[in-house]
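One structure is given below, encoded as structure tokens.
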Amino acid sequence: MSVTYTPVIGLEVHVQLKTKTKIFCGCSADYYGGTGSDSGFAAEPNSHICPVCMGLPGTMPVFNKHVAEQAVKGGLALNCKIHESAYFSRKAYYYADMTKNFQISQDDLPIAYQGYLEIIGDDGGVKRVRINRLHIEEDVGKLSHGASDGRLEGSSYSNVDYNRAGMPLAEIVSEPDISSAREAFEYAVMLRRILRYCGVSDADMEKGMMRFDANVSVKCSDGRRSKRVEVKNMNSFRALERAIDYEIKRHTEILEKGEEGIKETRHWNDAANSTSASRVKEALYKFIVEPDLPPLRVPREWIEKEKKELPEMPKQKWDRFRDSFGLSADDADVLTESLDVADYFESCVKSGANPARANNWVRTEVLRAANEGASLSNFPVKPESLAELLTRVEEGKFSTTLAKQIFELMRGGKSLAEAVKETGASEGGVSADKLSETVVKILEANRDVIDEINSGKDKNGKKVKFLQGLIMRELKGQAKPDEAEKVLKERLGI
Ligand code: ZN
Ligand code: MN
């Protein structure tokens, strides 16, 4: 009998909480947008620092209450319970990216605990991944190794930028309920979606606002289990998926050899597409209660208020979009990916657009335009105007081709009325006279095609479609396609 292998995976996700200032000082949290880096979006190194976030002796941290609000909101969105009374601890941390040699974090009383998040599991059903905790902590600075200016090429030295030190983070720790790289990917995507929906984090990967660590081991059906490793340094969904796949394969091979591996920390190397054992031995972290900060109190009224203000969550929206608008799973997925797209679609439908048509247009025209750089919040075509346009298509007043021309003009800032006028369309489309006139004109110019149709060669109706296309083009798409087809077929006597 052959044995089977089951991966056991838990994720630790660090997410930057969206606030105006850092967690324990008044430094601006908005350190992107400057001109200090090659990529053009990071501020000058060490331009957003002060003695507090530098951890200089004699400084005192002052807690930014907004961080707790964001953490509570995030915790509630992840179905967590909230500790009304929590506190901060110092976690011993000896490394150059944190000058004070400790990180302020939370130990045994995290602000939020025992929640869950739902994903589509590998068996196609809804799977609940339990969340052990969500705690608040400060971020550390950023090290970059090697010579960035070429002066010390080949030598080993490091730059340190403390702009990130003291940025507020939520660390979200799942239970080991994830069974594959695909499920881990689903979990991470859903987590980001939820946090973005409630405005807790922008979770922009490229700016390092969401980072993953994974705990991986593999269970064998004969009862053996490989030693758990912690894989660090995944900064994208793809990297997370590939790192886990790599580890599952490695653990399975270890078990097949009759071994169990070693408990260690490993680093994902994206370029090499593999993990390697970390040179730093995993230290046993010691916590002491932070003496410079008072206990963290979260009043009950506050929790209730945040609970009431939570927006509809992505999963619920997804279900509702499918049920009430008859969308496919894939359509619902695209439309609920971000809140502004979901809102845009829904306002369009509420303004009278047919849901299937609105879905079609949002997925193609609107998202295409948005991907070209237009953000939906200030997208020139308001959902109400799109709804009006689509209603006219629905009523057969405009063809899709014409509607697309009008949409393009509206994207350029024209109102619906102005755009309609500019295309020369009339509300009623093309008059019956104009239509039959055009049909005759096209038929006269294509006598050879008529002969082929009459001799029975047009078995699948392709020639008729061809003529219909010519008519539509001649009328610049302003006729209703089925109307044009009807008149054409009458003329042809078929
Ligand atoms: Zn500071
Ligand atoms: Mn952490």
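The values are calculated or read from the model by the stated rules, or taken from the named source; none is laboratory data. Worth saying up front: this structure is predicted, and the values here are computed from it rather than measured. When we count neighbours, we look across all protein chains shown, and the Cβ atoms used for this are built from the backbone with ideal geometry, even at glycine. In case anyone asks, the SASA skips ligands and DNA or RNA and just uses the protein heavy atoms, side chains included. Shrake-Rupley method; radii C 1.70, N 1.55, O 1.52, S 1.80 Å.
Here are the numbers for the structure shown:
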quantity: Gain in span if fully extended, Tyr116 to Ala329, counting 0.36 nm per residue against the direct Cα distance; calculated: 74.5 nm
quantity: Segment 370-435 - Kirkwood radius from inverse mean 1/r over Cα pairs (Å); calculated: 12.4
quantity: Cβ-derived FRET efficiency at R0 25 Å, Val189 paired with Glu253, nearest 0.05; calculated: 0.30
quantity: Met472 accessible area, 1.4 Å probe, all protein chains in place, Å² to nearest 10; calculated: 30
quantity: Three-way shape call for segment 61-185 based on the alpha-carbon gyration tensor, with the a/c threshold at 1.5; calculated: oblate
quantity: Inter-centroid distance (Cα atoms) of segment 420-463 relative to segment 199-275, Å; calculated: 62
quantity: Tail fraction, Cα-Cα pairs, the chain, threshold 30 Å, whole percent; calculated: 61
quantity: For segment 288-304, Karplus couplings with θ = phi - 60° (6.51, -1.76, 1.60), whole Hz, Gly/Pro x; calculated: 10, 5, 5, x, 8, 10, x, x, 9, 9, 10, x, 4, 4, 4, 4, 4
quantity: When each of Lys81/Lys317; Lys22/Lys382; Lys65/Lys382 is checked by Cα-Cα distance, pairs over 25 Å; calculated: Lys22/Lys382; Lys65/Lys382
quantity: Whole-percent carbon and sulfur share, accessible surface of the chain, 1.4 Å; calculated: 50
quantity: For the chain, accessible area per residue (1.4 Å probe, heavy atoms of protein chains only), Å²; calculated: 51
quantity: Two-decimal log10 I(q)/I(0) for segment 404-494, as the Debye equation yields it once each C-alpha is a single scatterer, q = 0.14, 0.18, 0.22 Å⁻¹; calculated: -0.56, -0.78, -1.01
quantity: Contour excess over end-to-end distance, with Cα ends at Val62 and Leu143 and 0.36 nm allotted per residue; calculated: 26.6 nm
quantity: Interchain or long-range residues, amide H under 5 Å from Tyr116's placed H; calculated: Asn79, Cys80, Ile131
quantity: Computed E for Asn159/Glu206 - FRET, C-beta separation, R0 22 angstrom, nearest 0.05; calculated: 0.65
quantity: Accessible-area ranking of Lys91, Lys462, largest first, probe 1.4 Å; calculated: Lys462, Lys91
quantity: Under the Debye formula (equal points on every Cα, no solvent term), log10 I(q)/I(0) of segment 39-95 at q = 0.12, 0.19, 0.26 Å⁻¹; calculated: -0.53, -0.99, -1.10
quantity: Estimated FRET transfer efficiency (Lys286, Gln316; beta-carbon r; R0 45 Å; 0.05); calculated: 0.60
quantity: Dipole-positive endmost among Ser399, Asn378, Leu435 within segment 366-451 (Cβ charges, Cα centre); calculated: Asn378
quantity: Point-to-point label distance, Ile494-Val126, nm (Cα→Cβ direction, 7 Å offset); calculated: 5.2
quantity: Probe 1.4 Å - accessible area at Trp318, Å² to nearest ten; calculated: 40
